[in-house]
Amino acid sequence: MSLKRIVVLISGSGSNLQAIIDAIESGRIRGQIVQVISNKADAYGLVRAANAGIPTCHIDHKAYASREEFDEEMRRTIDSQQADLVVLAGFMRILSSAFVEHYSGRMLNIHPSLLPKYKGLHTHQRALAAGDCEHGCTVHFVTEELDGGPLLVQAIVPIIDNDNELSLQNRVHAREHIAYPLAIEWICADRVRFEASGIYLNDELLPACGFRLGYEA
Ligand code: GRF
């Protein structure tokens, strides 16, 4: 089986990118990151990629007259890499429907909440304000609905006494670094199928919440 070709899109620190790089270097993920694209020139994730010897590309969204034109340039760039999988790792742009449609079933995102709860921003603050006892992160396929799309993996994080936004965010982030490489490992091993009826892992239909990693996993 040939190595899957992965393009990662970032806008910032790229700690999830780093976790994926580490999982590839350790041999867990049978894939290769062929390019990292950032819409921000100063994204630290570009440094992480360069340190790992991965080609990088900066596409400045502000240089394009419309979202569609920016997305079209990204699509051209990604397709020139013959990507099998597009991984959004802290990519802070809303994507046009044509772009999302083009990568249907082969584009993943990670979101810092137990979707469908808390789509959008400030998820940690909202979970605390609601008095939830659990929070977490979700890896999902990208569809037109913002932070929608079928769920592949969720990692649960307990909310503990005296948690604040930062402490909770840090613990969720640590779990993201487990959940995202795991999801990509499965996809690269051809263990995941994306179908109209749902997501299959090892030929078994996953529940709507995806595969759930408990506190200790
Ligand atoms: C993560 O919290 C992720 O859930 C969200 O953006 C953040 C990216 O963090 N989509 P990093 O750049 O990978 O450190």
- Quick check: is even one residue across the range 201-212 modelled with pLDDT of 95 or more, within 14 Å of the ligand (Cβ to nearest atom) and either out of contact with any Asp or Glu (no Cβ under 8 Å at 6 or more places or on another chain) or not in a helix (DSSP H, G or I) (or both)? no
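Just checking, how many residues over the range 98-115 are part of a helix (DSSP H, G or I) and at positive phi?
Matching residues across the range 98-115 total 0.
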- Which numbered condition G148 fails, given (1) assigned to a loop (DSSP other than H, G, I, E, B); (2) in contact with a helix residue (DSSP H, G or I) (Cβ under 9 Å, 6 or more places away or on another chain): (2)
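Test N170 against the criterion of being modelled with pLDDT of 95 or more and away from the ligand (no atom under 14 Å from the Cβ), and give yes or no.
Numbers: modelled with pLDDT of 95 or more: yes; away from the ligand (no atom under 14 Å from the Cβ): no.
When the stated conditions are applied, N170 does not pass them.
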- Considering the range 58-75 alone, what residues qualify as being open to solvent by 30 Å² or more (accessible area, probe 1.4 Å), more than 16 Å from the ligand (Cβ to nearest atom) and under 14 Å from L9 (Cβ atoms)? D60, H61, E73, R75
- Query: So which residues in the range 47-57 are within 15 Å of the ligand (Cβ to nearest atom), more than 22 Å from D84 (Cβ to Cβ) and touching a strand residue (DSSP E or B) at 6+ places or on another chain (Cβ under 7 Å), if there are any at all?
  - Reply: none
- Count of the range 156-184 residues which are over 13 Å from the mean Cα position of the chain (by Cα) and touching a residue at least 60 places away in the same chain (Cβ under 8 Å): 1
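Can you pull out the residues in the range 96-108 that are of a type outside the set (G, A, S) and either at pLDDT below 95 or more than 13 Å from the ligand (Cβ to nearest atom) (or both)? Steps first, please.
The first filter runs over the range 96-108 and keeps only residues of a type outside the set (G, A, S), leaving 99-103, 106-108.
Within the range 96-108, F99, V100, E101, H102, Y103, R106, M107 meet the criteria.
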- Item | Residue list for the range 1-32, filter: within 14 Å of the ligand (Cβ to nearest atom), out of contact with any helix residue (DSSP H, G or I) (no Cβ under 6 Å at 6 or more places or on another chain) and touching a residue at least 40 places away in the same chain (Cβ under 8 Å) | L9, S11, G12, S15, D22
- Query: What do you reckon, is L152 touching a residue at least 12 places away in the same chain (Cβ under 8 Å) and over 28 Å from S97 (Cα atoms)?
  - Reply: no
- Item | Hits in the range 78-96 - residues which are part of a helix (DSSP H, G or I) and open to solvent by less than 20 Å² (accessible area, probe 1.4 Å) | I78
- Query: Does at least one position in the range 16-35 carry a residue that is assigned to a strand (DSSP E or B) and either touching a Ser or Thr at 6+ places or on another chain (Cβ under 8 Å) or open to solvent by 70 Å² or more (accessible area, probe 1.4 Å) (or both)?
  - Reply: yes
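The values are calculated or read from the model by the stated rules, or taken from the named source; none is laboratory data. Just so you know, these numbers come straight off a predicted model, no measurement behind them. Glycine also receives a Cβ, built like all others from the backbone with ideal geometry; neighbour counts cover every protein chain displayed. Surface areas here come from the heavy atoms of the whole protein model, side chains and all, with no ligands, DNA or RNA. Shrake-Rupley method; radii C 1.70, N 1.55, O 1.52, S 1.80 Å.
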